[in-house]
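The values are calculated or read from the model by the stated rules, or taken from the named source; none is laboratory data. From a predicted model like this one, the values you see are computed outputs, not experimental measurements. Here the Cβ positions follow ideal geometry from the backbone for every residue, glycine too, while neighbour counts run over all protein chains shown.
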Amino acid sequence: MENTEIINKAVEYVKRRYGSPDISIGEIAENAGFSLDYFSRIFLAHTGFTVSGYINYQRLKTAAIRLRRSNDSILEIALNAGFDSHEGFIKAFKKRYGLTPSDYRSENKSKALTLADVSDHSVVSRFLHENPDLKPLPDSAWDDLLERDFKLYAYIFEIAAAQGAKLAEFSDGDDKAILYLLDDLSGNPSVNIISDSPGAAVKLIKRFIESYPNTSLTTALSPDEMKNAFESAGLAAKNIRTISRCCGERPKYKLPDGITLKRLCKADIPEIEKIRDRLPEGYARHLTDEADYSDPNVLEYGVFKDGALIMTAGCGLSDYSGTLINDSVLFYLTAKKPDNSLFRQVFAAIVADIIDLGAVPYDDIQQGKYAEENGGFTAQDEGFEAVGYVYRGWR
């Protein structure tokens, strides 16, 4: 049986059995007919979910629907969804939806939950009013995108959910797209198009770039696949980011002698203060704020040479989608005589640490001009796979 068939079989098994609190990864692997280690790796590679993340995703999605559509008690919903305790369910639900189950039910009992429910965001509301052909979508549209291509859309969902995005749908015959819309600090909406239809992408980009030049397109289509559509429309993107995902293999690395890497903590603030003037102001404030180190989902790393801090690097963890992932790793050189030959080894070491934390590493930074200036390597050089592309900066 091909791996794709195995994974399809496993997914259907989880959908049938997620309500059982004693379902295990070993049970699912056995049902699929493979060893636990091999099965876990191919499941992640094919779906983008860890197996446990997919079980949790199905449980919480089902619980949210029942909270909206039934009068069952929260404990009954938790047990039927496969949680073995009331407390565990509340903690997991609040982490996923930002509300306790009772608050979620109270706020959404009479309506379908949508990211457009935050209608007091006047900038986005005005944008939708001025574009009546864009149909606001419910939150469940993200579930459809995640089911379609978790590898790509989980990363976009983390960004959109963290910023309270509103979703809208564009449809013109066979040309279809989803937009996620954000308020930005300038008082203009941030327009972000999601589409694998070149026709829809071109129509929307041409429609919005004059008024909203930061309009972006996220798609699974590569620059080669989009080339003809862009050229025919007289469009070209100055900035193309490749969204890359690590397939789960822990990269091998070796830091040079005398170089060490560690997660920064409050005890490192005095050392950070010494190089504060070599960091962006906002980032320096963050690194020297003791309170920020209490958040386990904020990862900041220091690279030390003979005890001196010569580089910092940071990323974040989030699991809105049900699987813990990280965002891109950003570097800052802090030595008086910078050495950019360390970037690749440091990146590999951080990716290895992220995997050890149980997260799936993503990156959309290690490429292009940034890569040229920071060690000359790409995420693909470290075993990442390209899962999608973000186009912006139109000319």
* Asked: Are any of the residues in region 363-373 assigned by TED's automatic domain parsing to the domain that holds residue 263, hydrophobic (A, V, I, L, M, F, W, C) and more than 18 Å from the chain's Cα centre (by Cα)?
  -> yes
* What are the residues in region 56-77 that are acidic (Asp, Glu) and either under 27 Å from residue 245 (Cβ atoms) or in a loop (DSSP other than H, G, I, E, B) (or both), if any? -> 72
* Asked: Quick one: in region 288-312, which of the residues that are out of contact with any Gly (no Cβ under 8 Å at 6 or more places or on another chain) and in contact (Cβ under 8 Å) with a residue 24 or more places away in the chain is farthest from residue 146 (Cα to Cα)?
  -> 308
* Tell me which of these residue 214 doesn't satisfy, since it passes every other one: (1) in contact (Cβ under 8 Å) with a residue 24 or more places away in the chain; (2) within 19 Å of residue 135 (Cβ to Cβ). => (2)
* Between residues in region 330-347 that are assigned by TED's automatic domain parsing to the domain that holds residue 369 and residues that are small (Gly, Ala, Ser) and in a strand (DSSP E or B), which pairs lie under 8 Å by C-beta distance while being six or more apart or on different chains? -> 330/313; 330/314; 331/313; 332/313; 335/308; 346/313; 347/313
* Tell me, please, whether a residue that is more than 26 Å from the chain's Cα centre (by Cα), among the basic types (Lys, Arg) and not assigned by TED's automatic domain parsing to the domain that holds residue 148 can be found in region 10-30. => yes
* With region 298-348 as the region, which strands (runs of 3 or more DSSP E) entirely inside it contain at least 3 residues that are over 15 Å from residue 256 (Cα atoms) and of a type outside the set (Phe, Trp, Tyr)? -> 298-305, 308-318
* Hey, among 133, 120, which residue is outside the structural domain of residue 11 (by TED's automatic domain parsing), in a loop (DSSP other than H, G, I, E, B) and at pLDDT 90 or above? -> 133
* **Hits in region 145-175 - residues which are in contact with a strand residue (DSSP E or B) (Cβ under 7 Å, 6 or more places away or on another chain), surrounded by fewer than 16 Cβ atoms within 10 Å (Cβ to Cβ) and either on the phi > 0 side of the Ramachandran plot or modelled with pLDDT of 95 or more (or both)** => 169
* State whether one or more residues within region 155-171 are assigned to a strand (DSSP E or B) and in contact with a Phe, Trp or Tyr (Cβ under 6 Å, 6 or more places away or on another chain). => yes
* Can you name every residue in region 56-89 that is in contact with a His (Cβ under 9 Å, 6 or more places away or on another chain) and either surrounded by 15 or more Cβ atoms within 10 Å (Cβ to Cβ) or modelled with pLDDT under 90 (or both)? -> 74, 78, 79
* Which residues, counting only those in region 364-388, are acidic (Asp, Glu) and without any contact (Cβ under 8 Å) to a residue 60 or more places away in the chain? -> 372, 373, 381
* From the list 304, 331, which residue is touching a strand residue (DSSP E or B) at 6+ places or on another chain (Cβ under 7 Å), surrounded by 17 or more Cβ atoms within 10 Å (Cβ to Cβ) and not charged (D, E, K, R)? -> 331
* Asked: Of everything in region 192-237 that's surrounded by fewer than 15 Cβ atoms within 10 Å (Cβ to Cβ) and either outside the structural domain of residue 180 (by TED's automatic domain parsing) or among the small types (Gly, Ala, Ser) (or both), which residue is nearest to the chain's Cα centre (by Cα)?
  -> 222
* To do: Can you run down the residue pairs with Cβ atoms below 6 Å, 6 or more apart or on separate chains, where the first is in region 182-197 and within 16 Å of residue 393 (Cβ to Cβ) and the partner is modelled with pLDDT of 80 or more and assigned to a loop (DSSP other than H, G, I, E, B)?
  => 191/212; 191/215
* Structure fact -> Considering region 3-55, residues that are part of a helix (DSSP H, G or I) and among the polar types (S, T, N, Q), and then whichever is surrounded by the most Cβ atoms within 10 Å (Cβ to Cβ), we arrive at 47
* Options 29, 45, 10: the member that is among the small types (Gly, Ala, Ser), under 24 Å from residue 361 (Cβ atoms) and in contact with a Gly (Cβ under 8 Å, 6 or more places away or on another chain) -> 45
